[in-house]
């Protein structure tokens, strides 16, 4: 529960129902599903209101970034003043913005190590995504170039039809996804 409350910013009194491999978490009347992918990573899904009951096909977004607790905030390539708390708050804003646009969004937090590529491949194998938004923390630090390449190659391999988009901060992720989806729809 601590991991989910940190992820969503909810109080520890959020309601949860745990199933075999996922948990439904109700926070402020909103439904979230949290999935644990072994030791590779964690993903949480915000389900827009009415989506589960209407059974309609929705645009599906994968929001991908480093787990904030693994980020080296002293790296000068990252924006000054960035903290794990700011990233968590930005993630919550981004997930709300995805839902406001009627998109189902999954959040996949990875570690900046050799598990990043396999974690991304594993998540992409679990669903069909229309767009993958890759967080700035994954692509900005020059010393992380090899991991960034592994993530891009994993997306290209596992989801060749998905648009790839890049944010500059968590709060502009929905705009990044909209740009990526527009390019995908035009077939460019």
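Please pick out the residue among 150, 182, 146 that is surrounded by 16 or more Cβ atoms within 10 Å (Cβ to Cβ) and assigned to a helix (DSSP H, G or I).
Details: 182 fails: surrounded by 16 or more Cβ atoms within 10 Å (Cβ to Cβ); 146 fails: surrounded by 16 or more Cβ atoms within 10 Å (Cβ to Cβ).
After ruling out the rest, the residue left standing is 150.
Yes/no matrix, rows are residues, columns are (1) at pLDDT below 95; (2) assigned to a strand (DSSP E or B); (3) over 27 Å from residue 118 (Cα atoms); (4) under 16 Å from the mean Cα position of the chain (by Cα):
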site: 25; (1), (2), (3), (4): yes, yes, no, no
site: 33; (1), (2), (3), (4): yes, yes, no, yes
site: 36; (1), (2), (3), (4): yes, yes, no, yes
site: 53; (1), (2), (3), (4): yes, no, yes, no
Scan the stretch 113-136 and report the pairs whose first residue is at positive phi and modelled with pLDDT of 95 or more and whose second residue is in a helix (DSSP H, G or I) and crowded, with 20+ Cβ neighbours inside 10 Å, with Cβ atoms within less than 9 Å and a gap of 6+ or a chain change.
-> none
All positions within the stretch 73-119 that are within 13 Å of residue 138 (Cβ to Cβ) and part of a loop (DSSP other than H, G, I, E, B) = 75, 77, 78, 111, 112, 113
When you go through 47, 43 one by one, which is the residue that is in contact with a strand residue (DSSP E or B) (Cβ under 8 Å, 6 or more places away or on another chain), at pLDDT below 90 and crowded, with 23+ Cβ neighbours inside 10 Å?
-> 43
Taking the condition surrounded by 15 or more Cβ atoms within 10 Å (Cβ to Cβ) and over 17 Å from residue 72 (Cβ atoms), does residue 117 pass?
-> yes
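State whether one or more residues within the stretch 158-168 are on the phi < 0 side of the Ramachandran plot and in a helix (DSSP H, G or I). Please lay out each step first, then the result.
Initially, the stretch 158-168 is screened for residues on the phi < 0 side of the Ramachandran plot, giving 158-168.
When the remaining residues are screened for being in a helix (DSSP H, G or I), the result is 158.
Yes, some residue in the stretch 158-168 is on the phi < 0 side of the Ramachandran plot and in a helix (DSSP H, G or I).
The values are calculated or read from the model by the stated rules, or taken from the named source; none is laboratory data. Keep in mind that this is a model prediction, so the values were computed, not measured. We place every Cβ from the backbone using ideal geometry, glycine too, and count neighbours over all the protein chains shown.
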